[in-house]
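What follows draws every value from the coordinates through simple rules; no lab data is involved. From a predicted model like this one, the values you see are computed outputs, not experimental measurements. Quick reminder, even Gly has a Cβ in these numbers, built from the backbone with ideal geometry, and neighbours come from all protein chains shown.
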Amino acid sequence: MAVTNTELVKWLGQPTTDTDLMAQAAQAVTLATAMIDAYCRGAHIRKPSTATKPGIDAVTLMVAARMLANPEGLRYSTGVVTFNDAFQGFTLAELSVLNRYRKRAT
C-alpha cells in the first residue's frame, strides 16, 4: 500500500479539509516516493504487483513529513519544536530500511 497525502496529513495531526496543505502533502509524498525509488532502484517494489516491501511506507511517511514540515528550508522555532534546515537526506534509521532493498554494484 502506498502512502497517500491524506495519511500524511492525518499522521501530522492536521485537518484534511485544508486544500493547500493537502496539495503540498501530495507533492511531498510524490517527491519522497521518487527519492526512495531512485535510491533503491526499484528493488523496494514487490513484483508483479506495485505494493511496496516491508518498511518502505514508514520511510516514505517520515521523509514526506520532514519535507512538508519545512518546505522553505528556513530556520525557525515554534514552542519546543525547532526546524533547522530543509530535508537534506535520509536519516540513519531510514537508511537501515532502504539499504535492505538497495541494488548495489558487485
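Pick from Val59, Val80, Val29: which is most flexible by mean-square fluctuation in a GNM of the chain where alpha carbon atoms under 10 Å apart are linked?
Val80
Show me, for region 63-68, the HN-Hα J-couplings you get by feeding each phi into the Karplus relation (A = 6.51, B = -1.76, C = 1.60, θ = phi - 60°), rounded to Hz, glycine and proline as x.
So the Karplus estimates, Gly and Pro as x, are 5, 5, 5, 5, 5, 6 Hz.
For the chain, what is the per residue volume of the convex hull drawn over the alpha-carbon atoms, in cubic angstrom?
115
7 Å from Cα along Cα→Cβ at both Thr17 and Ala43: what's the point-to-point distance in nm?
My value for the distance between the label points is 4.7 nm.
Among Ala93, Ala26, Ala43, whose mean-square fluctuation peaks in a Gaussian network model of the chain (Cα, cutoff 10 Å)?
Ala93
Where a Cα-Cα gap under 15 Å defines reach, which aspartates and glutamates qualify for Lys103, not counting those fewer than 8 residues away within the same chain?
In chain and number order, the partners are Asp37.
Nothing charged except the Cβ atoms of Lys and Arg (+1) and of Asp and Glu (-1): what's the magnitude of the dipole of the chain about its Cα centre? Round to the nearest 20 debye.
For the chain, the charge dipole is close to 720 debye.
Can you give me the angle between helix 19-40 and the longest principal axis of the chain, using Cα atoms only, in degrees from 0 to 90, rounded to the nearest 10?
Approximately 30 degrees, to the nearest ten.
Looking at region 1-100, which GluC sites (Glu not before Pro) are DSSP coil and have at most 10 other C-beta atoms within 10 Å of their C-beta?
Loop-located and lightly packed - Glu72.
Thr52's amide H: which non-local residues (gap 5+, or another chain) put their own amide H closer than 5 Å, with H modeled 1.01 Å from N in plane and none for Pro or chain starts?
Arg46
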